[in-house]
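Let me begin by presenting the structure, written as structure tokens, before commenting on it.
The values are calculated or read from the model by the stated rules, or taken from the named source; none is laboratory data. Owing to the predicted nature of the structure, the values given are computational and were not obtained by experimental measurement. Cβ placement follows ideal geometry from the backbone for every residue including glycine, while neighbour counts extend to all protein chains displayed.
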Amino acid sequence: MLPIIGLTTTYKQQAIGIGANYLQAIYRAGGLPLLLPPNLAEIPSYLDRCNALVFIGGPDIDAKRYGMENHPKMNLLDSMHEEFLLQLADVAINHTRLPLLGICLGCQVLNVVCGGTLYRDLPSEHPSDIVHSGESDYPDKRVRHHVTFTLDSPLLQLFGSETITANSSHHQSVKQVGNGLKVIAHAPDGVVEAICSTDSSRFFYGLQWHPEGMLDEPPHLNIFKALVNATK
């Protein structure tokens, strides 16, 4: 049987959804995607049924979750959805050994649950020549820039190069890394692009870019293959 990969969803105006690229990534990696609508009571059931979890992209976590005030340019998650994501991540991190992958907002969720903080608005709090959130002529409309892995990054072998090209569609990112986590990739301006657990025996990664949007550009599918393989 195919391993079941649970994916969080978007939630807006009482409707849930997910980008088709996330589903294709799991299918092409050899897993069976299972959507996890925000429901606090179902968290134990979700964790019992899933062999791994993917926390997908979305709006912003309330800054009070990491001891700060909200920035005027923040686009906040629905409060119920936010509580679900944080509780699901907390239980998964601290009470299971499930393989975990966070993408964009998902990376930020994992970091905040581990006690880390975020840049609330990158353009004003981390000025740079790189526009991390903007439209381009690429099919996924996201701008692109280089991402460089640290020399001790477990992703070096997975991606096959110290520097890769990644898409970019975010106005927040990891600021202070959470407890038990380390930074393993940066953008040219120093913005954190990937984190992982300091426990090398665990599959636990957060990526600030969207590998599901680059499945036809090797080796971005590899992170999903590695997630599925980690369930075995």
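For Ile130, work out the one condition from (1) more than 22 Å from Pro33 (Cβ to Cβ); (2) of a type in the set (A, V, I, L, M, F, W, C); (3) at pLDDT 95 or above; (4) crowded, with 16+ Cβ neighbours inside 10 Å it doesn't fulfil.
Single failed check for Ile130: (3).
Do you know which of the residues in segment 190-232 that are free of Cβ contacts under 8 Å to residues at least 24 places away in the same chain and in contact with a Leu (Cβ under 9 Å, 6 or more places away or on another chain) is surrounded by the most Cβ atoms within 10 Å (Cβ to Cβ)?
Ranking the candidates gives Ser197 first.
May I ask you to list pairs of residues, at least six apart or on different chains, whose Cβ atoms are under 6 Å apart, with the first in segment 123-149 being farther than 16 Å from Met214 by Cα and the second being of a type in the set (S, T, N, Q) and surrounded by 14 or more Cβ atoms within 10 Å (Cβ to Cβ)?
His132/Ser168; Ser133/Ser169
Before we move on, is Asp140 modelled with pLDDT under 95 and touching a helix residue (DSSP H, G or I) at 6+ places or on another chain (Cβ under 6 Å)?
When the stated conditions are applied, Asp140 passes them.
Hey, among the residues in segment 11-49 that are modelled with pLDDT of 95 or more and hydroxyl-bearing (Ser, Thr, Tyr), which one's nearest to the chain's Cα centre (by Cα)?
Tyr22
I'm trying to understand the selection: among the residues of segment 169-199, which are at pLDDT below 95 and either among the polar types (S, T, N, Q) or farther than 22 Å from Met68 by Cα (or both)?
Ser169 - this is the single residue of segment 169-199 that is at pLDDT below 95 and either among the polar types (S, T, N, Q) or farther than 22 Å from Met68 by Cα (or both).
Tell me, which strands (runs of 3 or more DSSP E) lie completely within segment 83-181 with 1 or more residues that are under 26 Å from Tyr46 (Cβ atoms)?
Result: 100-103.
May I ask you to verify whether Ser201 is among the small types (Gly, Ala, Ser), farther than 22 Å from Pro99 by Cα and over 17 Å from the mean Cα position of the chain (by Cα)?
no
Going residue by residue through segment 76-83, is there one that turns out to be crowded, with 19+ Cβ neighbours inside 10 Å, at pLDDT 95 or above and among the acidic types (Asp, Glu)?
Checked against the condition, which is being crowded, with 19+ Cβ neighbours inside 10 Å, at pLDDT 95 or above and among the acidic types (Asp, Glu), segment 76-83 yields at least one hit.
Is it the case that segment 161-169 has a residue that's exposed (fewer than 15 other Cβ atoms within 10 Å of the Cβ), over 21 Å from Phe224 (Cα atoms) and over 14 Å from the mean Cα position of the chain (by Cα)?
no
Suppose we keep only residues that are in contact (Cβ under 8 Å) with a residue 60 or more places away in the chain and either among the acidic types (Asp, Glu) or not in a loop (DSSP other than H, G, I, E, B) (or both) within segment 11-23. Which one would you say is surrounded by the most Cβ atoms within 10 Å (Cβ to Cβ)? Reasoning before the result, please.
Step one: filter segment 11-23 for residues in contact (Cβ under 8 Å) with a residue 60 or more places away in the chain, giving 11-12, 19, 21-22.
Cutting the leftovers down to either among the acidic types (Asp, Glu) or not in a loop (DSSP other than H, G, I, E, B) (or both) gives us 11-12, 21-22.
Values: Tyr11: 20, Lys12: 12, Asn21: 16, Tyr22: 24.
Ranking the qualifying residues of segment 11-23, first place goes to Tyr22.
Would you pick out the residues in segment 58-78 that are among the basic types (Lys, Arg) and assigned to a loop (DSSP other than H, G, I, E, B)?
Scanning segment 58-78 gives a single hit, Lys73.
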